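> Supplied in structure tokens, the structure appears directly below.
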Amino acid sequence: MDDLFWYDTMMATDYKKMSDHVLPILSWEFYGEQHVVLEGFREDLVTLKKITENWEFTRDYYNEFLEKQSVIIITNPTLKIVYASQNIQQLNGYMPDEVLGKSPKMFQGEETCSRTSKIVRAAVDNKIPFEVSLLNYRKDRTTYMCKIKGFPVCNKRGKLINYIAFEKVA
């Protein structure tokens, strides 16, 4: 123990001379977890910027994503998922690559309200925004109430190219 105390004292003295800030070893676990989350947000924002560069969409998805920490799901006009933010795993247990190419109906199940599903379907068919709370299923088949705000997205020429949804636990 005395050897470790000597080493810590020596290192503390050396660290005080350095210009960089040093974190105690126990801080690295917390830092590492947060770093992974922040890196995921950064990667998502880079991808979203590429996807949305030709959009005529006025909604502030950065605020929805960063401030409200909503999951973002983007589908093509035929409602196949083309993008899911990395934080989808915290919402329902699916990794983003597990949902690509599938319909958002994959999150629904036998107890999902069919009337609410019809409201969503009508909004999509009429290319209008919608906001609903819907009973969804996680990957492990447990249920959760999901607040979904969905919007049709057109390109700069006015052609429907995507739908975007912001989802959170209700």
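The values are calculated or read from the model by the stated rules, or taken from the named source; none is laboratory data. A quick note: this is a predicted structure, and the numbers were derived from the prediction, not measured. As a convention, Cβ positions derive from the backbone with ideal geometry for all residues, glycine included, and neighbour counts pool all protein chains shown.
> Filter segment 39-79 down to residues that are surrounded by 12 or more Cβ atoms within 10 Å (Cβ to Cβ), farther than 22 Å from Val169 by Cα and acidic (Asp, Glu), then give me how many there are.
2
> Among the listed residues Thr112, Thr52, which satisfies the condition of being farther than 23 Å from Arg42 by Cα and hydroxyl-bearing (Ser, Thr, Tyr)?
Only one candidate passes the filter, namely Thr112.
> Shifting gears a bit: If you go through segment 37-79 one residue at a time, how many are acidic (Asp, Glu), free of Cβ contacts under 8 Å to residues at least 60 places away in the same chain and outside any loop (DSSP other than H, G, I, E, B)?
Residues that pass the stated criteria total 4.
> Still on this structure, I have one more. Quickly run through segment 80-95 and pick out the residues that are in contact with a helix residue (DSSP H, G or I) (Cβ under 7 Å, 6 or more places away or on another chain), surrounded by 14 or more Cβ atoms within 10 Å (Cβ to Cβ), assigned to a loop (DSSP other than H, G, I, E, B) and not polar (S, T, N, Q).
Hit for segment 80-95 is Tyr94, nothing else.
> Follow-up question, since we're still on this one. Residue pairs, Cβ under 9 Å, 6 or more apart or interchain, first in segment 102-114 and in a helix (DSSP H, G or I), second of a type in the set (Lys, Arg). List them.
If the second residue must be of a type in the set (Lys, Arg), the pairs left are Phe107/Arg138.
> Still on this structure: Can you pull out the residues in segment 1-40 that are in contact with a helix residue (DSSP H, G or I) (Cβ under 7 Å, 6 or more places away or on another chain) and either modelled with pLDDT of 80 or more or farther than 30 Å from Gln89 by Cα (or both)?
Val22 - this is the single residue of segment 1-40 that is in contact with a helix residue (DSSP H, G or I) (Cβ under 7 Å, 6 or more places away or on another chain) and either modelled with pLDDT of 80 or more or farther than 30 Å from Gln89 by Cα (or both).
> What are the residues in segment 141-160 that are crowded, with 19+ Cβ neighbours inside 10 Å and more than 11 Å from Phe130 (Cα to Cα), if any?
Cys146, Val153
> So how many residues does segment 118-170 have that are among the hydrophobic types (A, V, I, L, M, F, W, C), farther than 23 Å from Glu98 by Cβ and not in a strand (DSSP E or B)?
4
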